[in-house]
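See below for the structure under consideration.
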Amino acid sequence: MFEFASPTTLDDAFQLWHARARWFAGGIDVVTELKAGVPAPARLINLKQIEEMQGIAETEGNLRIGALATLREIAENPIVLARYRALADACELSASPQIRNVGTIGGNLNQGSICDYFRGDFRCWLKGGASCFMRNGASRDAAILGYAECVHVNPSDPAVALVALDACISVRGKNGAREIAAAEFCRPPTADNRRLNALQPDEIITNIRLPITSSSRSSFLKTMDRAAFARAGQRCRPLGFRRWEHPRGARRSGRRRAGAVARIARGRDVGRAEIVRQTRRARGGNNRARRASARA
Amino acid sequence: MPKLIKTRIEIEGRVHEDYALVDKPKTTTWDIEEELAIVGKAMPRVDGDVRVSGAAEFPSDIQLPGMLHARFLRSPHPHARIQRLDTTRAEKLPGVRAVICKNNAPAQAWRNDRPIFDDVVRYVGDEVAAVAADTPAIARQACRLIQVEYEPLPFVLDAEIAARADAPKLYADGNVMDGKPGVYARGDVEKAFQSADVVIEGVFETPFQLHNSLETHGAVADWEGDRVVVYESTQNVHGVRDDVADFLGLAKNQVRVVKHYMGGGFGSKNSAGKYTLCAALLAKMTGRPVRFFLNRTEENLATGARAASKQYLRIGAKKDGALVAMELTAYHAQGAHAEWGAGTGGPMRELYECKNVRTTEYFVFTSSGPFAAFRAPGYMEGTFALESLMDELAEKLGMDPLDLRIKNYARKHPVKNLPYSSNGLLDAYQEGARAIGWYERRRQDAGLGPRARSNVQSPLSGVRHGVGMASQIWGGAGGPPTYAQVKVLPDTSAVIITGTQDIGTGTKTILTQIAAEELGIPYEKIRIEIGDTQWGLFSILSAGSMTAATVGPAVREAAADAKEQLLAICAKYLGIARKSAQLDAGVITGRKRGRRVEKPLADILGALGDVMIVGQGSRAPNPSNVVIRTFGAQFAEVEVDIETGEVRVLKIVASHDCGRILNPLTTSSQIEGGIIQGLGFALMEQRVDDVNTGKVVNPNLASYHIPTMLDVPEIEVRMIDRADPIINNLGSKGVGEPPIIPTAAAIANAVYDAIGVRFHRLPLTRERVLEGLSV
C-alpha cells in the first residue's frame, strides 16, 4: 500500500517529499521494482503533471529538454535530429518502442544498474552487500574500464551522448536548484555512496541544457546481442576500434565517449590502448569464472 | 466392429507400444496427383477472428466466482536438505486459505519417484510449499512468512562433471539416469576408423534453451462434488486427466480437463505440473476454485528447458567422401527432475549412410531447472554438431559441403535397414540450393578458402558475407490410438468432435478442411470442438509433429462414415438406389428406376427433423516394414561484422518434405516459427547459471534474449509438396518440429563461410565471434 500524489508544480512536489517517498515519472524502473517485491515506498510522487519539466525548446542559446520528455519525443525532435544527432540516435537505440513511448530522459539518466546480478536475487556490493558477484560469475557484461569493487556498466545510452555533447543537467532538491555537467553527473559508486549519479535522494532532474554549438556533427554507435531491445555490448575488437574512432565522414579530431565499456559514461577521450589493456584485465575475470566452473 | 491391435508409435524419438481400436478403413489415400477442393488450400484459420479480437478464452483468462490465487515458495538453494519447515505464520495471515508442503501433502511419488514436496531441494526454484489466498499479493506475502531451515548441500551444474563418480549426488543412486549411458552401435567402429583416409573430430557445446511460452504454465481447478474440472494450458488434455486422476486416486471420468486455446507449449506442456496437482489439492482443501499460474521468472526457472549438451564427435571418411565411421559421446544436463532424456545422437544414427556408428548418450541430473521436451529435443543440438563437423570434413576433403551430403545420402533407414515410405531429401537439397544460388556462390573464386573468398567479395568494409546449409531428419508419422466423430445436423451444418487440442498450429483449421473435403459440406458450415476430455474422444498429445498425421486421418474416417450414413438415409428417403446416391455442392443426386432425381440436402434433412447422423473414425495403423521420416534442408545467408562481432542472418531458404501440404498458410507459419526459434538458439538464447551460487542470472526476458522482429530474416519456404503414397489416408507427415532442426547448423556453417572461423559452442555471441577472429 502506498499513497500516490500528483503535484502540478515543483514547489508542491517538494512539499510532498519525505524520506520514504519516491519520485515517479515514466515508471519503467519504479514499477519493475514494485513488481519485484522491493518494499514499497510510503508515497509515490508523480511528476508528470509538472509543466516546467516538460517540452523541448530553444532558450537563450541553449536547447532545453524537460526531464519529462520521453525518449521517443527526443529521438523524433527536429532540432535534436539536426544538431545533436548522437542524442537522437542514443534515444532511438534504447530499449523498445513501448518503453521509449513512456520512459523519460530524466528517468533514463537516473535508472538503476541493469547488471543482472543487481537486478536479480543477489545481495551484491551495489545493493550494500560485501562483494560483486559478476567479477567471478557470468561476467560477459562486466566493465572493461574502471574494473573495481563493482563491475557493472553504465546503463544509459543517452548519458553517453549527453557527456559527449557537453550537456548540463539542471537539478532541484528540497534546498534549491543546481547545475551539474553531464560528465560530473555520472559518477562511479564508492564504498560510502553507492549511487550511480550525483543526485541526492531528495533531488530530481528538472531539465537538460545543451549548448548550441557550431559543430553539429555527431553520431552514436551501439553494438547489441540482437537487433533491438538489448543493452549496449562492450566487447569491441581492437581492429574494429579503429573504425569506431573514425566513423565514416567524421574528422580525425572528433571526440569519442565510450558508454557500455565503463562503469560510467566517460568524461574524457577513450583511447584504443586503454580499451585493449583493460579488456585483458576483464578477461582475466572471465577465466577465473571458468576455472571456478571446472572446480564445481 | 472395431478391431483391437497392438501398435508402435514414435513420440519425440521414443518408441511406445500401445493398444488401439481401429475401424475397417472407409477411405484410401488421396491419390498423389489428386487435386483437392479444400485440402491444400490456404484457408484462413477457423478461429482467427476469435483470436485477434481477444474473444478467445485461454486457460489463464479463466475467472470463477470465489476463486483463490496460488503461489509456490521456491528454494533459494541449488541443493539443500530441509531441516525444518513451519507454515504457522503464513497460515495466520488474513486472506490465506490453505498452505500445502511436505508436512501435509500426499506422500505418493510424482516424478523420479519423489513426492511433489520433497525433503531435499535440487535447484534454485524447486518447489517447497504452495499457498492459496484471496489475492495474488496475499499469497506472495504468505510465502515470505513460511519459515524454512535449509542445510545446504554441494551442487553441480555441469553434466559432464556431474556424471563423474565423485560428483555431488542429487539422487541416492547417482546422477546418471538409469545408472548408465544409452549406447547404440552398428558395425565395427574402431576398425572402420583405421580404414578411413580422413578422421576429423570436434567437441560441441549447446546451452539450456527455454521455451518462453507467452502464456505461462498453469491451471485452474474447480471441484463440483467429487469431480474436478481442470482448465490447463496444455498440449495434452488426456495426459493431464490421467496424471490428476492417478495422483488423486480418482476415476478418469471424475477429472475433466479443458483447454480451448493456449499461448505456446513447444513440448514443455506435455503433462500435468506440480501446479496442476497443487491447484486441485488446494481447491479441495478450501472448497473454492484455485487459479495457479506461474509468473515469468518461474516460467524461466521451473517449467523446463532444452538440455544443455556437450558432444564429442568423431567422423572418418574415404577420400571420395564416403563416410566409414561415426562416433558420438554426449552429456545432456537434465536438470534436477526428468523422466526421460532426449539424446543428441539421433541425427548421427539416422541421417547418413554409414555402416559403423556408435553413440553413447549420458543423461545426467544437474542442480538446475528441469528438462522438458523442446521442439525436436536432441535432434536440433545433435544436428548443429553433426552438420558443423560435416562441413569441416568437406573442407578437409576439398569437396563442396552439399556434394558431401548427397554422396552420403541414405537410401534406406540406416538403423532399421528398411525402406522409407517416402523420402524427399534430395529434392529438398536441390530446391534449396537453387533458391539460394548455392553452386553459383560456392563456385565463385573456387580454390580459395572461405576467408579469402569473402575478403575478395568485400575487401574494404568490415562486413563479410557467407552461405551455409544443413540437413534435417525427424519423425512425424503419428499413429493410433486416436478417435473422432462427425455429427451432421438437420440444417446441413456439421460438428467435428475429437479429444485433440490445438497447441497453436492451426489444428482446428486443417481438421475442418479435411472434414469439408470428405463430407462435401462447405468449410464455413463445419465447426469443431476439441480440447475437452469429457466430451471429446481420446486423442494423442500434440507433440512430436504428430497431430496432423494422427488426428487428420481419424477425422477423415469419421467424415467418410457420416457421409455414408447420410447417403444411405437420403437414398432411402428419396427411394433412389443407394449406389447411385451422391452428395455434391449440397445437392443429393441419384437414380430412381432409371430416372435422375436430385434434391437439396437441406430439404431432405429438414424434412427428417432430428435424425442424428454421427460418423465414427479412428486412426488406422501405420504401414509395417517401412520407416516414416520427414526430411529437409535449410540454406542460410549471413553477414558478419568483423569489428563488432555481430552476426546478422539475411535469409533462410527452407525446403522440407512433410508429405502432402494440408494448408500452405499454417505450414509456413510452422516453418517460420521454427526458424526463428532456431535462429535464437544459434545467435542469442542461453540460460546462464551463476557458477558460484547455482542461481540463474537471467531469469527474465530482458536478459534472456529471444529474437525480435528486427532479427527475423527473409524466410523463403519451399515445401516438397508431395503426398506420401502409403502412410495414411492424407499422405501427410508432421511439420511442427522439422524446421527448427537445421537452422542453427546452417547459420554456423554460413558464419564459417563468411569469416573462416569455426565455432563449436552456441550461441554465437559477439564476444565469441571476436575471440574467434583474434586467434
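For the stretch B:305-348, which trypsin sites (Lys or Arg not before Pro) pass both filters: DSSP loop (anything but H, G, I, E, B) and at most 16 other C-beta atoms within 10 Å? Walk me through the intermediate numbers first.
Working: sites: B:306, B:310, B:314, B:318, B:319; in loops: B:318, B:319.
Hits after loop and neighbour filter: B:318, B:319.
Based on Cβ point charges of +1 for Lys and Arg and -1 for Asp and Glu, what charge dipole magnitude is obtained for the protein assembly as shown about its Cα centre, in debye rounded to the nearest 20?
Details: 137 positive and 121 negative charges, 316 e Å.
For the protein assembly as shown, the charge dipole is close to 1520 debye.
Once phi is turned into θ = phi - 60°, what whole-Hz ³J(HN,Hα) does the Karplus curve with 6.51, -1.76 and 1.60 give for every residue of the stretch A:62-68, x standing for Gly and Pro?
Using θ = phi - 60°, the values come out as 10, 9, 9, 10, x, 4, 8 Hz.
Do any of B:259/B:487; B:416/B:733; B:26/B:508; B:259/B:695; B:6/B:579 go past 28 Å between their Cα atoms, and which? Present the calculation step by step, with values, prior to reporting the outcome.
Details: B:259/B:487 21 Å; B:416/B:733 19 Å; B:26/B:508 22 Å; B:259/B:695 33 Å; B:6/B:579 35 Å.
Table pairs above 28 Å Cα-Cα are B:259/B:695; B:6/B:579.
So if R0 is 35 Å, what FRET efficiency would residue B:716 and residue A:58 give, r being the distance between their Cβ atoms, rounded to the nearest 0.05? Mind showing how you got there, number by number?
Values: r = 50 Å, r/R0 = 1.43.
The calculated FRET efficiency here is 0.10.
Using just the C-alpha positions of the stretch B:646-688 as equal point scatterers, what log10 of I(q)/I(0) does the Debye formula give at each q in 0.28 1/Å?
-1.07
Hey, rough spin-label estimate for residue A:184 and residue B:81, points 7 angstrom out along Cα→Cβ, what's it come to in nanometres?
Calculated label separation equals 6.0 nm.
Any chance you could list P(r) for the protein assembly as shown, counting all Cα-Cα pairs in 20 angstrom bins from zero, rounded to whole %?
12, 38, 36, 13, 2, 0
Sort out for me the Cα centre separation of the stretch B:552-579 from the stretch B:274-320, rounded to whole Å.
Value for the Cα centre distance between the two parts: 46 Å.
Reachable lysines from residue B:92, Cα under 22 Å, same-chain residues fewer than 8 places away excluded?
B:102, B:284
List the aspartates and glutamates whose alpha-carbon lies under 12 Å from that of residue B:318, not counting same-chain residues fewer than 8 positions away?
Candidates past the 8-residue exclusion: B:197.
Would you order B:705, B:760 from fewest to most other beta-carbon atoms within 10 Å of each residue's own beta-carbon?
On the way: B:705 22, B:760 19.
Lowest to highest Cβ neighbour count: B:760, B:705.
Give the residue from A:138, B:20, B:748 lying farthest towards the positive end of the charge dipole for the protein assembly as shown; charges sit on Cβ (+1 for Lys and Arg, -1 for Asp and Glu) and the dipole is referred to the Cα centre.
A:138
Relative to the compact-globule scaling 2.2 N^0.38 Å, provide the ratio for the alpha-carbon radius of gyration of the stretch B:147-203. Intermediate results must be reported in sequence, preceding the final value.
Numbers: Rg = 18.9 Å, N = 57, 2.2 N^0.38 = 10.2 Å.
Ratio of Rg to 2.2 N^0.38 Å for the stretch B:147-203: 1.85.
Could you put A:28, A:205 in order, starting from the residue whose Cβ has the fewest other Cβ atoms within 10 Å? Walk me through the intermediate numbers first.
Working: A:28 18, A:205 28.
Ordered from fewest to most neighbouring Cβ atoms within 10 Å, A:28, A:205 come out as A:28, A:205.
Less than 11 Å Cβ to Cβ from residue B:109, Lys/Arg counted +1 and Asp/Glu -1: what total charge do the surrounding residues give? Don't skip to the answer; put the middle values down first.
Numbers: positive: B:111, B:114; negative: B:113, B:118, B:246.
With Lys, Arg at +1 and Asp, Glu at -1, the net is -1.
What does the average come to when, for each residue of peptide B:695-706, you count the partner chain Cβ atoms lying within 10 Å of its Cβ? Show your work: numbers first, answer last.
Details: counts 6, 4, 12, 4, 4, 5, 1, 9, 10, 1, 6, 1.
Average neighbour count from other chains, rounded to a whole number: 5.
Identify, among B:570, B:333, B:386, the residue whose Cα sits farthest towards the positive end of the charge dipole of chain B, taking +1 on the Cβ of Lys and Arg and -1 on the Cβ of Asp and Glu, with the dipole about the Cα centre.
B:570
Between the stretch B:164-198 and the stretch B:482-534, what is the separation of their alpha carbon centroids in Å?
Here the two parts' Cα centres lie 47 Å apart.
Quantify how strongly other chains surround peptide B:763-770 by giving the mean number of their Cβ atoms within 10 Å of each of its Cβ atoms.
Across B:763-770, the average partner-chain Cβ count within 10 Å equals 5.
Could you go through the stretch B:618-630 in sequence order and give the Karplus-derived ³J(HN,Hα) for each residue, using 6.51 cos²θ - 1.76 cosθ + 1.60 with θ = phi - 60°, rounded to whole Hz, and x for Gly and Pro?
9, 7, 6, x, 6, x, 8, 6, 9, 10, 10, 9, 9
Which value, in debye to the nearest 20, gives the size of the charge dipole of the stretch A:85-152 about its Cα centre, when Lys and Arg are +1 and Asp and Glu are -1 at the Cβ? Please report the intermediate quantities before stating the final value.
Numbers: 7 positive and 6 negative charges, 17 e Å.
For this selection, approximately 80 debye.
Which far-off residues, 5 or more places away or on another chain, put their amide H under 5 Å from the one on residue B:698, with H placed in the peptide plane?
B:688
Across the residues of B:642-651, average count of Cβ atoms on other protein chains within 10 Å? Walk me through the intermediate numbers first.
On the way: counts 3, 10, 11, 7, 6, 0, 2, 0, 0, 0.
So the per-residue partner count for this stretch is 4.
Sorted from largest down, what three extents in whole angstroms do the Cα atoms of the stretch A:4-45 have along their principal axes?
Dimensions of the stretch A:4-45 along the principal axes of its Cα atoms: 31, 20, 12 Å.
To the nearest Å, what is the center-to-center distance of the stretch B:625-643 and the stretch B:714-762, using C-alpha atoms only?
4
Can you give the calculated 222 nm mean residue ellipticity of the protein assembly as shown, where each DSSP H run of n ≥ 4 adds -39,500 (n - 2.57) and the sum is split over every residue, rounded to the nearest 500 deg cm²/dmol? Intermediate values should be presented prior to the final figure.
Details: 32 runs with 305 residues, N = 1071.
Computed ellipticity for the protein assembly as shown at 222 nm equals -8000 deg cm²/dmol.
Can you give the local net charge around residue B:485? Use residues other than it whose beta-carbon is closer than 11 angstrom to its beta-carbon, Lys and Arg +1, Asp and Glu -1. Please report the intermediate quantities before stating the final value.
Values: positive: B:487; negative: B:529, B:557, B:561.
Result for the local shell: -2.
Given 0.36 nm per residue, what is the gain on full extension from residue B:585 to residue B:318 after removing their alpha carbon distance, in nm?
Values: separation 267, 0.36 × 267 = 96.12 nm, distance 6.14 nm.
So the chain would gain 90.0 nm between residue B:585 and residue B:318.
So how do B:348, B:1 line up by other beta-carbon neighbours within 10 Å, fewest first?
Numbers: B:348 27, B:1 5.
Lowest count first: B:1, B:348.
Counting only other residues whose beta carbon sits under 13 Å from that of residue B:124, what net charge do I get with K and R as +1, D and E as -1?
Numbers: positive: B:74, B:122, B:687, B:695; negative: A:121, B:126, B:127, B:298, B:689, B:690.
Counting the neighbours of residue B:124, the net charge comes to -2.
At a Cα cut-off below 29 Å, give the lysines reachable from residue A:222, other chains included and same-chain residues fewer than 8 away excluded.
Straight-line reach from residue A:222, under 29 Å: A:127, B:651.
Summarise the long-distance tail of P(r) for the stretch A:78-131 by giving the % of C-alpha pairs beyond 13 Å.
Numbers: 999 of 1431 pairs.
Distances greater than 13 Å cover 70 percent of the Cα pairs.
7 Å from Cα along Cα→Cβ at both residue B:251 and residue A:35: what's the point-to-point distance in nm?
It works out to 4.6 nm between the two label points.
Can you run phi through the Karplus equation (6.51, -1.76, 1.60; θ = phi - 60°) for the stretch B:9-22 and list ³J(HN,Hα) in whole Hz, with x for Gly and Pro?
Working through the residues one at a time gives 10, 9, 10, 6, x, 9, 9, 10, 9, 8, 8, 8, 9, 10 Hz.
Could you tell me the extents of chain B's C-alpha atoms along the three principal axes, largest first, rounded to whole Å?
87, 73, 49
Readers should treat all values here as calculations from the given coordinates under stated rules, not as data from a laboratory. What you are looking at is a predicted structure, and each value in this text was computed from that prediction instead of being measured. Don't worry about glycine lacking a Cβ; one is built from the backbone with ideal geometry, like all the others, and counts go over all protein chains shown.
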